[in-house]
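A.B. asks: Okay, here's the structure, questions in a sec.
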Amino acid sequence: MAGYHPILFILLTAVGAAELGLVAYLIHTFDRDGYPGGRGGYTSDDFKARLDYLMFCAVWTVFFGLAYVAFIFARAMFFLASIASSALWLLMTIIFWAVGAELWRQVSCRELQTVEALAWTALALAAVTFIVSLFAISSTRRKYGYRGTYYDYDYRYQ
């Protein structure tokens with residue numbers, strides 16, 4: 001089961017990149033033209049802060065997701081490339097996306113509904129990847145401890 005790690009990290013990074021692009025577009029549009037549909041600028045400072053928070057979540061996910069994908073494919077052998085390190089990052093990412101997704105509940109604009117849907121998708125992917133990380137930790141723990149890397153996991157025997 002832990003062999004799906006690269007695929008899950010790539011999917012999580014792709015969803016983060018989609019969220020980043022959409023939120024960046026919305027911030028640019030709201031700054032330039034106001035709220036879609038011509039109803040004026042930001043509805044509140046809270047609205048802008050929520051968009052900024054989701055921008056942070058998306059950048060966090062894309063930056064570190066690409067780093068872990070590179071670690072996996074480069075067969076890196078240091079602590080930041082360990083399974084335990086990625087599990088800790090995934091736990092933080094789950095918390096960030098859970099807060100971000102909850103901030104956009106019950107919005108009426110289609111663009112903002114897409115932002116919410118991508119946030120929930122990123123949360124679900126991060127949670128599934130975290131669970132798979134736990135399986136990878138348990139499979140490499142006997143031989144390498146919690147510092148085992150993805151390179152240490154033998155993907156042939158899944």
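A.B. asks: Whenever you get a sec, line up Val107, Val59, Val115 from highest to lowest accessible area (probe 1.4 Å, protein heavy atoms). Mind dumping the intermediate values first?
C.D. replies: Details: Val107 30, Val59 70, Val115 0 Å².
Sorted descending by solvent-accessible area, the residues read Val59, Val107, Val115.
A.B. asks: Could you give the length gained by full extension between Asp46 and Cys109, i.e. 0.36 nm per residue of separation minus their alpha carbon distance, to one decimal place?
C.D. replies: Stretched fully, the Asp46-Cys109 segment lengthens by 21.0 nm.
A.B. asks: Excluding Asp52 itself, what net charge comes from residues whose Cβ is under 12 Å from its Cβ, given Lys and Arg +1 and Asp and Glu -1?
C.D. replies: So the environment of Asp52 carries a net charge of -1.
The values are calculated or read from the model by the stated rules, or taken from the named source; none is laboratory data. Values in this document were obtained by computation on a predicted structure and should not be read as measured data. Cβ sites come from the backbone with ideal geometry, for glycine too, and all protein chains shown count toward neighbours. These accessible areas exclude ligands, DNA and RNA; they are computed on the full protein's heavy atoms, side chains included. Shrake-Rupley method; radii C 1.70, N 1.55, O 1.52, S 1.80 Å.
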